[in-house]
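Here is the structure we will look at, set down as structure tokens.
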Amino acid sequence: MATAPGSSDLAGSGAPSPGGGVQAAAAEEEEREVVRVRVKKCESFLPPEFRSFAVDPQITSLDVLQHILIRAFDLNGKKNFGISYLGRDRLGQEAYLSLLSDWDLSTAFATASKPYLQLRVDIRPTEDSPLLEDWDIISPKDVIGSDVLLAEKRSSLTTAALPFTQSILSQVGRTLSKVQQVLSWSYGEDVKPFKPPLSDAEFHTYLNHEGQLSRPEELRLRIYHGGVEPSLRKVVWRYLLNVYPDGLTGRERMDYMKRKSREYEQLKSEWAQRASPEDLEFIRSTVLKDVLRTDRAHPYYAGPEDGPHLRALHDLLTTYAVTHPQVSYCQGMSDLASPILAVMDHEGHAFVCFCGIMKRLAANFHPDGRAMATKFAHLKLLLRHADPDFYQYLQEAGADDLFFCYRWLLLELKREFAFDDALRMLEVTWSSLPPDPPEHEEASPAGDAATGSPLMPEVGSPQDPGKSLPPQHPLGLPPPQEFGRGNPFMLFLCLAILLEHRDHIMRNGLDYNELAMHFDRLVRKHHLGRVLRRAKALFADYLQSEVWDSEEGAEATASS
């Protein structure tokens with residue numbers, strides 16, 4: 001986009017025109033979920049090499065593409081190379097055009113990706129300096145170092161990877177470890193999974209006569225087991241996203257949101273004072289490019305490109321970027337904000353909620369890549385323990401870096417389920433996290449933030465003496481407040497998805513590229529019920545065991 005959009009021209013500058021209306025927009029959205037890529041590598045007088053794979057254009061930057069190519073051709077950072085795509089030059093003739101920026105790549109996706117994007121990689125003479133040492137994206141080979149995965153003698157969680165059974169939840173009467181007692185992470189047999197969604201009448205039982213939330217941990221545990229009725233989400237999500245300070249009455253909550261909405265409007269009016277014209281133009285055009293392709297198949301975001309909901313999404317993301325210059329805006333943030341705005345249906349309220357979730361997820365988008373590196377390391381560690389045979393298969397296929405899960409970890413699986421299922425998945429995941437209200441000093445995710453988790457220490461009835469749990473062996477997984485950088489349940493959802501497709505992948509001998517394309521085809525198509533059932537079983541087993549109360553787990557976390 002050459003110019004920044006004005007407040008009234010969301011339909012302009014660089015995005016496809018509405019054309020065929022809502023149906024065309026929906027079709028375009030679905031079509032752009034996956035772009036298939038064919039690459040030809042040329043090096044001196046050597047025969048050319050070819051590779052095929054698929055990418056998600058919404059989160060594939062030029063840096064990410066470069067690392068995919070490094071892996072695909074086993075360049076390992078030892079060679080300089082240039083990338084070009086087959087497009088049309090200014091005279092309309094087919095030619096290979098250089099890919100030098102994310103803007104070039106966006107043009108390639110938009111104009112040259114039917115039926116597939118043709119790339120050319122030209123290897124240049126090596127120099128003494130490392131390849132592109134100033135990259136700010138993590139290389140899969142750098143992220144998942146073999147030195148992170150310690151201790152070969154592990155027990156398997158294979159039995160817990162079977163479909164969910166109630167017996168896993170009923171056998172909770174074992175003694176909690178000291179760490180579990182401190183963290184209050186447990187799983188009660190009296191709380192059954194898949195309860196009906198929380199209703200308005202039931203929600204009010206968690207409030208006292210002044211409207212204060214009196215049992216926040218129990219409320220979260222209830223949502224973890226059943227979710228929330230859609231009509232109640234705009235109320236309850238504010239608690240789950242830590243919008244309210246502790247102890248507010250009903251009237252105080254209303255006043256608080258009114259005040260925060262006024263503050264948002266003030267911040268929104270200060271864009272020009274907070275950013276230079278060049279920076280603001282860049283932010284707005286980058287945000288607009290993503291907004292115009294985020295959830296457009298959903299009725300809330302369908303319709304013309306200057307519609308009020310798209311404008312609201314654009315404006316709240318721009319306001320966040322301008323007021324948080326250390327984070328600014330990165331691809332993928334629109335996916336995090338989209339469901340929040342659709343539920344809140346109020347721009348100011350959605351902004352406050354988005355700030356709440358970004359307080360926890362901003363590190364995902366930091367250029368140093370450390371947060372994502374830790375999550376990759378933990379998911380790899382978890383899969384290795386849960387299913388050694390599957391892990392070994394992926395290792396032999398060269399797919400054990402799990403880089404095909406990049407979108408899962410970056411967006412916490414938001415795009416892997418149909419929109420309405422994603423809402424349920426998100427609220428269940430958020431409910432598994434401890435409260436972290438504003439205006440109150442909280443520990444970092446690696447500290448004591450898990451205290452007060454909704455997975456309460458009320459263990460239920462003692463274990464049936466006639467039954468015995470299998471012996472537990474320390475498997476070296478990090479403790480809950482560190483696992484997945486403080487969001488362990490998200491890792492178990494990722495694990496559940498992997499295990500859902502384990503047999504198909506191994507039976508058909510999928511290689512790295514086929515495996516990545518397999519999961520790209522499943523965007524928004526995963527079965528939420530099965531994934532939740534399996535993830536909760538695995539998570540319960542982890543919380544009940546001592547797999548994370550070990551020196552290996554602490555060491556693995558520290559190394560990552």
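The values are calculated or read from the model by the stated rules, or taken from the named source; none is laboratory data. Only a predicted model underlies this, so the values are computations on that prediction, with no experimental measurement involved. Heads up, the Cβs are rebuilt from the backbone with ideal geometry, glycines too, and the neighbour counts pull from every protein chain shown. Side chains included, ligands, DNA and RNA excluded: accessible areas come from the protein's heavy atoms. Shrake-Rupley method; radii C 1.70, N 1.55, O 1.52, S 1.80 Å.
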Q: Grab the other residues whose beta carbon is less than 9 angstrom from that of Leu69, score K and R as +1, D and E as -1, and report the net.
A: +3
Q: Using the structure shown, select from Lys195/Lys375; Lys414/Lys536; Lys195/Lys536 the pairs with a Cα to Cα distance greater than 24 angstrom.
A: Lys195/Lys375
Q. Once the other residues with Cβ under 12 Å from the Cβ of Gly529 are scored (Lys, Arg +1; Asp, Glu -1), what is the net sum?
A. +3
Q: Under 10 Å from the Cβ of Phe203, count the other residues' Cβ atoms, weight Lys and Arg +1, Asp and Glu -1, and hand me the total.
A: -2
Q: Skip the ligands, DNA and RNA, and give the accessible area per residue of segment 278-391 with a 1.4 Å probe, whole Å².
A: 28 Å²
Q: Report relative contact order for segment 297-419 in percent, whole number only (criteria: Cα-Cα under 8 Å, sequence separation at least 6).
A: 22 percent
Q) Which cross-chain or sequence-distant (5 or more) residues have an amide H under 5 Å from the amide H of Ala112, H modelled 1.01 Å from N in plane? A) none
Q.
What whole-number distance in Å separates the alpha-carbon centres of segment 494-541 and segment 312-369?
A. 28 Å
Q) For the cross-link pairs Lys114/Lys525; Lys41/Lys289; Lys380/Lys525; Lys234/Lys258; Lys260/Lys359, which exceed 20 Å when the distance is taken from alpha carbon to alpha carbon? A) Lys114/Lys525; Lys41/Lys289; Lys380/Lys525
